[in-house]
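Visitor: Next up is a structure, given as structure tokens.
The values are calculated or read from the model by the stated rules, or taken from the named source; none is laboratory data. This one's a predicted model, so the numbers in the text were calculated from it and none came from an experiment. No Cβ is skipped: glycine too gets one built from the backbone with ideal geometry, and neighbour counts run over all protein chains shown.
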């Protein structure tokens, strides 16, 4: 991927994006679905869109998922 | 982005039935339970373990090391425990109790890492470092003539299309590489508010670049 497409991808926004507040409000529900192998992205497309675009919320998602998966082992 | 005041169909319809382990936690943490102190101690121990795991996971990307990182984890666990006991009435059983509880400690780690950034920021908030941009987006030196033109157009759009607040957020996060959570702490704002400003800035800048032929028009139905 060259710089042109990377910039384009960064500037592109998704109107389904629910924003940080709602994504974080429901993060535990979303993470449990992902950990269970359920289609979380289909059930909550606006949260999925947000987690793809928002670095800090994506980081929290990865952290919570790692915590839950760590407890399972 | 979905406006905050618009209902979206991404909320659970009803509270789910509690799983056995979550029910045990709620019972043990009830103020009338004789075993509450023991349950709190056990929960705290779990939160410390999760916090330490999380700072270790993020560690390579943080400018925090050693005992300071461990202190941050302990503080995050202590603050998370306070938040959990204060909000336990809001737990509706839509996830496992531990997943809900761990969310608080992950959030505390994020907030503390964001505040820690300003101990040694290394970037002035009021200067725009446009020289970072080619590296950030991977522009190739061989095509410099083309991307210089694109970045000049982007600079003009930043000056003319954005509000002062959107411009400040864009400059801090995109040009100066200030972490979003650090900016939240510095501006005493919320992650949602800063993200919304950056979201609107991205949308405006892309529209301006597309209108001037630098980027293709979006045909996906998304702005």
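Visitor: Is it fair to say residue B:89 is within 11 Å of another protein chain (Cβ to nearest Cβ) and either out of contact with any helix residue (DSSP H, G or I) (no Cβ under 7 Å at 6 or more places or on another chain) or on the phi > 0 side of the Ramachandran plot (or both)?
Guide: Working: within 11 Å of another protein chain (Cβ to nearest Cβ): no; either out of contact with any helix residue (DSSP H, G or I) (no Cβ under 7 Å at 6 or more places or on another chain) or on the phi > 0 side of the Ramachandran plot (or both): yes.
No.
Visitor: Moving on to the next point. Can you go through A:35, A:23 and tell me which one is within 17 Å of residue B:191 (Cβ to Cβ) and either more than 7 Å from chain B (Cβ to nearest Cβ) or touching a strand residue (DSSP E or B) at 6+ places or on another chain (Cβ under 8 Å) (or both)? So that I can check it myself, show each step before the final result.
Guide: Numbers: A:35 fails: within 17 Å of residue B:191 (Cβ to Cβ).
A:23 is the lone residue from the list that is within 17 Å of residue B:191 (Cβ to Cβ) and either more than 7 Å from chain B (Cβ to nearest Cβ) or touching a strand residue (DSSP E or B) at 6+ places or on another chain (Cβ under 8 Å) (or both).
Visitor: Taking segment A:16-73 only, how many residues are assigned to a loop (DSSP other than H, G, I, E, B) and under 12 Å from the mean Cα position of the chain (by Cα)? Spell out how you get there, then give the answer.
Guide: Initial filter on segment A:16-73 (assigned to a loop (DSSP other than H, G, I, E, B)): A:16-18, A:26, A:36-39, A:44, A:54, A:73.
Within this subset, residues satisfying the condition of being under 12 Å from the mean Cα position of the chain (by Cα) are A:17-18, A:26, A:44, A:54.
Total satisfying the criteria: 5.
Visitor: Evaluate the following for residue A:11: is it in contact with a helix residue (DSSP H, G or I) (Cβ under 9 Å, 6 or more places away or on another chain), more than 23 Å from residue B:109 (Cβ to Cβ) and within 7 Å of chain B (Cβ to nearest Cβ)?
Guide: In short, yes.
Visitor: Does at least one position in segment B:165-178 carry a residue that is touching a residue at least 24 places away in the same chain (Cβ under 8 Å), under 30 Å from residue B:65 (Cα atoms) and surrounded by fewer than 16 Cβ atoms within 10 Å (Cβ to Cβ)?
Guide: yes
Visitor: Related question: Could you please find all residues in segment B:133-192 being modelled with pLDDT under 90, farther than 18 Å from residue A:11 by Cβ and not in a helix (DSSP H, G or I)?
Guide: Scanning segment B:133-192 gives a single hit, B:140.
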